Amino acid sequence: MTTHDVALPSYLEQSPEVSARFRRIAERPVVLKVNQLGKTFDSVKGRIQALHDISFQVRRREFISIIGPSGCGKSTLIRILAGLDDHSSGEILLDDREVTGPGQDRGMVFQGYTLFPWLTVLKNVMFGLEVSGGTNGIAGVSAEQEARGWIEMVGLEAFADAYPHELSGGMKQRVAIARALANRPRILLMDEPFGALDAQTRAKMQSYLLQIWKNVDITILFITHDLEEAIYLSDRIVVLKANPGEIQEVIEVPVEHPRAPEQFLSREFLATKKRLEELIHPAKDAEDMLPIIRMTQVGDDVY
Amino acid sequence: MARARYFIIWKELDPRRRRVFQVFSFIIPLAVWSLVSYCPFVWHPMVKVSDPGGIAHFRVDALVAKEAFFRENAKALEEHRKPAQGVLANPVYLPAPHEVAKSFYKAFVTPPRLPEEPWLHESLWHSIKIIIWGFLISSVIAVPLGILAGTYRIFSYMTEPFVEFFRYLPAPAFAALSVAVLGIYDGPKVAIIVIGTFFQQVLMISNTTQRLDPALLEAAQTLGARGLKLFTRVVIPGILPDVYRDMRILLGWAWTYLIVAEVVGNSTGITWFINQQAKYRIYYNVYAAIIMIGIIGITTDIFLAWLGSELFVWKSRKRSILSRLRTVYSTSRTEPETVQVSHDNA
């Protein structure tokens, strides 16, 4: 690990610009409030506590990431927030109203795209507008015009009449984002949305997402297992731990805005990454070592 | 080494070879049939008498078992009578391909033996009508029921156990009952087709419905769809192509019940024709009729498959005729068409 050799500042140190930004965020109204959320379910091994005492707040137009080791319940958490799963205890408040079941006020983007394969790109983006019976807001604009606007925003106007199977993975996910945003949700929930994409496409998508976030009035809650992705995109990172899924720490990312790929090697970025590494991959334990006997000749060592 | 490529598991062949082998699938059985029909040394257990000679009970064109023919000839030679002459032949129930091919045409133009009997095309049409009615009646009830059972657990539990039980009852077992209830004409025949199709149909459609990707339902819910809208806007369009494919398979099953159905009550349709021709020992007509059923079946299926790929473009992953026509129309007037292939990686 290179981070060991370089003297890094503490991830808690913030430049004046960054701390001023966090103070401004703190003045904004709270959009999503999660209070002592818990989730248990019964399995063959008995009762399992998947999530325990999860509490955090998301303010308007904040970008929050949730990361954690596999099995920490981050996907369960976002599914509960979306209303797709029930919670066992605690409460979720969106604009101070209790959340029960899925709804248009929380848009969701899934890892598996979940575009309706029988609908064209345009019809996919119109789906939410149509089931809600018309446009959400602007008078005199048809659902189709509004959908076209969103498709244009993600740069796919040439593909409005294409079917999902004609698109690449990155394009599909852009349609999924446009489809979720067309409903003008209060918060956009994203469940490892770029997990299935190759590295180059993922980098492009991250840049698109930051541009969209900057220009659209939207609050984003983003689940990922990619530490760099979390740092690059977020204002704050909620770090979960497994068994039971609990909040380990909420980190304010000290990397300045606007974000750019060059910042991946900045001192603040690396300091944050080092902290995340410590939280998510604690010192190696015996479990990581395989009981392998030597099967190569002496002197034939790779290192 | 070149030969090895045919024996790679699941390895697709190039289109030309595929076509060749598909044609072979018909040529091989035809070749076996021709071999048995045209090569006397393969089978030919009979002799067709061309000249009875001095043997009193032989007639011209009569088929005689090979041993009997040679035995009688040997006896005739001993008694200084003129031996009979003939050619090796197959039994009457195995006509040669060319005879069957000829009867394909002849069967349609040969008038029925009795004036009130139907022509072949009338018999065929009668059969097709029985199938259409049976399949239609079954589908009208089974498709909605299957979709409901596949969508809502309450319908699943209220129908599937009984349907599972009933589908083991052979449809022909209800022949006598359906004649008692529905008379001797087309009613009981349609009923047999319905009984044979309905229960499988409910289960198949229900199964297909349950295979809908649940993530699509979740996505729709987060977009604000609920209740009936989830059903009409996600479940129905999502399963339609697979239901359509099920229907093609089930239509094939309906045909398999036809022959049983048509002997219930008064015999009609293609089954009547087959049985009648067999009675007159005109076996090449029997073969022709059987092959006709196959041809009607496969042509319908090929047509329905094509229609399906046009209806569900998003599933068949091709462009429909309609959209291709639209392209031709627009390109002939304006600039070249923009290529709709995903070249963009993001």
_Selection from the range A:168-179 of residues that are closer than 17 Å to A:Thr120 by Cβ and open to solvent by less than 10 Å² (accessible area, probe 1.4 Å)_ = A:Met171, A:Gln173, A:Val175, A:Ala176, A:Ile177, A:Ala178, A:Arg179
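Consider the range A:158-178. How many of its residues are in a helix (DSSP H, G or I) and facing chain B (nearest Cβ under 7 Å)? Don't jump to the end; show me each part of the working.
The first filter runs over the range A:158-178 and keeps only residues in a helix (DSSP H, G or I), leaving A:158-159, A:164-166, A:169-178.
Now narrow it down to the ones that are facing chain B (nearest Cβ under 7 Å): A:158, A:165-166, A:170-171.
Final tally of qualifying residues: 5.
Report yes if A:Leu122 is part of a loop (DSSP other than H, G, I, E, B) and within 14 Å of chain B (Cβ to nearest Cβ), otherwise no.
Details: part of a loop (DSSP other than H, G, I, E, B): no; within 14 Å of chain B (Cβ to nearest Cβ): yes.
Here the answer is no, as A:Leu122 does not meet what is asked.
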_Among the residues of the range A:14-47, what is the count of those that are in contact (Cβ under 8 Å) with a residue 12 or more places away in the chain, of a type outside the set (Lys, Arg) and open to solvent by less than 70 Å² (accessible area, probe 1.4 Å)?_
14
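I'm trying to understand the selection: among the residues of the range B:272-299, which are of a type in the set (Ser, Thr, Tyr) and either buried (at least 18 other Cβ atoms within 10 Å of the Cβ) or within 13 Å of B:Val100 (Cβ to Cβ) (or both)? Walk me through how you get there before you give the answer.
First pass over the range B:272-299, keeping only residues of a type in the set (Ser, Thr, Tyr): B:280, B:283-284, B:287, B:299.
Scanning the range B:272-299 gives B:Tyr283, B:Tyr284, B:Tyr287.
Would you mention how many residues in the range B:205-239 are closer than 21 Å to A:Gly112 by Cβ and either within 14 Å of chain A (Cβ to nearest Cβ) or not in a helix (DSSP H, G or I) (or both)? I'd like the intermediate steps shown before the answer.
So the first thing to find is which residues in the range B:205-239 are closer than 21 Å to A:Gly112 by Cβ, and the list is B:208-225, B:230, B:233-235, B:237-239.
After this cut, where a residue has to be either within 14 Å of chain A (Cβ to nearest Cβ) or not in a helix (DSSP H, G or I) (or both) as well, the list is B:211-225, B:230, B:233-235, B:237-239.
Residues meeting the conditions: 22.
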*For residues that are open to solvent by less than 100 Å² (accessible area, probe 1.4 Å) and under 10 Å from B:Val47 (Cβ atoms), tally how many sit in the range B:73-89.*
6
*Has the range A:109-118 got at least one residue that is within 14 Å of chain B (Cβ to nearest Cβ) and either in a strand (DSSP E or B) or among the aliphatic types (A, V, I, L, M) (or both)?*
yes
*Does B:Ala175 count as assigned to a helix (DSSP H, G or I), of a type in the set (Gly, Ala, Ser) and under 26 Å from the mean Cα position of the chain (by Cα)?*
yes
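If the requirement is being over 30 Å from B:Ile274 (Cβ atoms) and assigned to a helix (DSSP H, G or I), which of these qualifies: B:Glu67, B:Glu122? Explain how you work it out, then say what you get.
Values: B:Glu122 fails: over 30 Å from B:Ile274 (Cβ atoms).
That would be B:Glu67, the only listed residue that is over 30 Å from B:Ile274 (Cβ atoms) and assigned to a helix (DSSP H, G or I).
So that you can scan it fast, the table gives a plain yes or no per residue for (1) open to solvent by 30 Å² or more (accessible area, probe 1.4 Å); (2) in contact with a helix residue (DSSP H, G or I) (Cβ under 6 Å, 6 or more places away or on another chain); (3) within 30 Å of A:Ala180 (Cβ to Cβ):
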site: B:Phe162; (1), (2), (3): yes, no, no
site: B:Leu169; (1), (2), (3): yes, no, no
site: B:Ala180; (1), (2), (3): yes, no, no
site: B:Pro188; (1), (2), (3): no, yes, no
site: B:Thr197; (1), (2), (3): no, yes, no
site: B:Thr222; (1), (2), (3): no, yes, yes
site: B:Ile249; (1), (2), (3): yes, no, no
site: B:Ala261; (1), (2), (3): no, yes, no
*So which residues in the range A:196-209 are open to solvent by 10 Å² or more (accessible area, probe 1.4 Å) and either more than 9 Å from chain B (Cβ to nearest Cβ) or part of a helix (DSSP H, G or I) (or both), if there are any at all?*
A:Ala196, A:Ala199, A:Gln200, A:Arg202, A:Ala203, A:Lys204, A:Gln206, A:Ser207, A:Tyr208
_Tell me the residue from B:Pro91, B:Pro115, B:Pro97, B:Pro45 that is farther than 30 Å from B:Leu30 by Cβ and not hydrophobic (A, V, I, L, M, F, W, C), please._
B:Pro115
*Can you spot a residue in the range A:84-93 that is within 8 Å of chain B (Cβ to nearest Cβ) and either at pLDDT 95 or above or under 24 Å from A:Leu221 (Cα atoms) (or both)?*
yes
*asked:* Take A:Gly101 and tell me if it is within 13 Å of chain B (Cβ to nearest Cβ) and open to solvent by 20 Å² or more (accessible area, probe 1.4 Å).
replied: yes
*the range A:210-245 - residue that is over 14 Å from the mean Cα position of the chain (by Cα) and open to solvent by 50 Å² or more (accessible area, probe 1.4 Å) and, of those, nearest to the other protein chains (Cβ to nearest Cβ)*: A:Gln211
*Of (1) modelled with pLDDT under 95; (2) within 19 Å of A:Arg79 (Cβ to Cβ), A:Asn215 satisfies all except one. Which?*
(2)
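For the structure I just gave you, tell me whether A:Arg106 is within 11 Å of chain B (Cβ to nearest Cβ) and of a type outside the set (Gly, Ala, Ser).
Numbers: within 11 Å of chain B (Cβ to nearest Cβ): yes; of a type outside the set (Gly, Ala, Ser): yes.
So A:Arg106 fits the description; yes.
If the requirement is being in contact with a Gly (Cβ under 9 Å, 6 or more places away or on another chain), closer than 17 Å to B:Arg281 by Cβ and of a type outside the set (S, T, N, Q), which of these qualifies: B:Ala62, B:Ala107?
On the way: B:Ala107 fails: in contact with a Gly (Cβ under 9 Å, 6 or more places away or on another chain).
Only one candidate passes the filter, namely B:Ala62.
In the list A:Pro185, A:Pro254, A:Pro282, A:Pro193, which residue meets the criterion of being open to solvent by 40 Å² or more (accessible area, probe 1.4 Å) and either assigned to a loop (DSSP other than H, G, I, E, B) or within 14 Å of another protein chain (Cβ to nearest Cβ) (or both)? Quick ask: steps written out before the conclusion?
Numbers: A:Pro185 fails: open to solvent by 40 Å² or more (accessible area, probe 1.4 Å); A:Pro254 fails: open to solvent by 40 Å² or more (accessible area, probe 1.4 Å); A:Pro193 fails: open to solvent by 40 Å² or more (accessible area, probe 1.4 Å).
Sole residue among the options that is open to solvent by 40 Å² or more (accessible area, probe 1.4 Å) and either assigned to a loop (DSSP other than H, G, I, E, B) or within 14 Å of another protein chain (Cβ to nearest Cβ) (or both): A:Pro282.
Which one is farthest from A:Trp118 (Cα to Cα) among residues in the range B:300-318 that are among the aromatic types (Phe, Trp, Tyr) and open to solvent by less than 80 Å² (accessible area, probe 1.4 Å)? First the steps, then the outcome.
Looking only at the range B:300-318, we keep the residues that are among the aromatic types (Phe, Trp, Tyr), and these are B:303, B:306, B:312, B:314.
Retained after the next criterion (residues that are open to solvent by less than 80 Å² (accessible area, probe 1.4 Å)): B:312, B:314.
Working: B:Phe312: 8, B:Trp314: 5 Å.
Result: B:Phe312.
Among A:Gly155, A:Gly128, A:Gly149, which is the only one that is surrounded by fewer than 22 Cβ atoms within 10 Å (Cβ to Cβ), assigned to a helix (DSSP H, G or I) and not aliphatic (A, V, I, L, M)?
Working: A:Gly155 fails: assigned to a helix (DSSP H, G or I); A:Gly128 fails: surrounded by fewer than 22 Cβ atoms within 10 Å (Cβ to Cβ).
Answer to the selection: A:Gly149.
The values are calculated or read from the model by the stated rules, or taken from the named source; none is laboratory data. Since the structure is predicted, the reported quantities are computational estimates derived from the model, not experimental observations. As a convention, Cβ positions derive from the backbone with ideal geometry for all residues, glycine included, and neighbour counts pool all protein chains shown. Please note that ligands, DNA and RNA were not included when accessible areas were found on the heavy atoms of the full protein model with its side chains. Shrake-Rupley method; radii C 1.70, N 1.55, O 1.52, S 1.80 Å.
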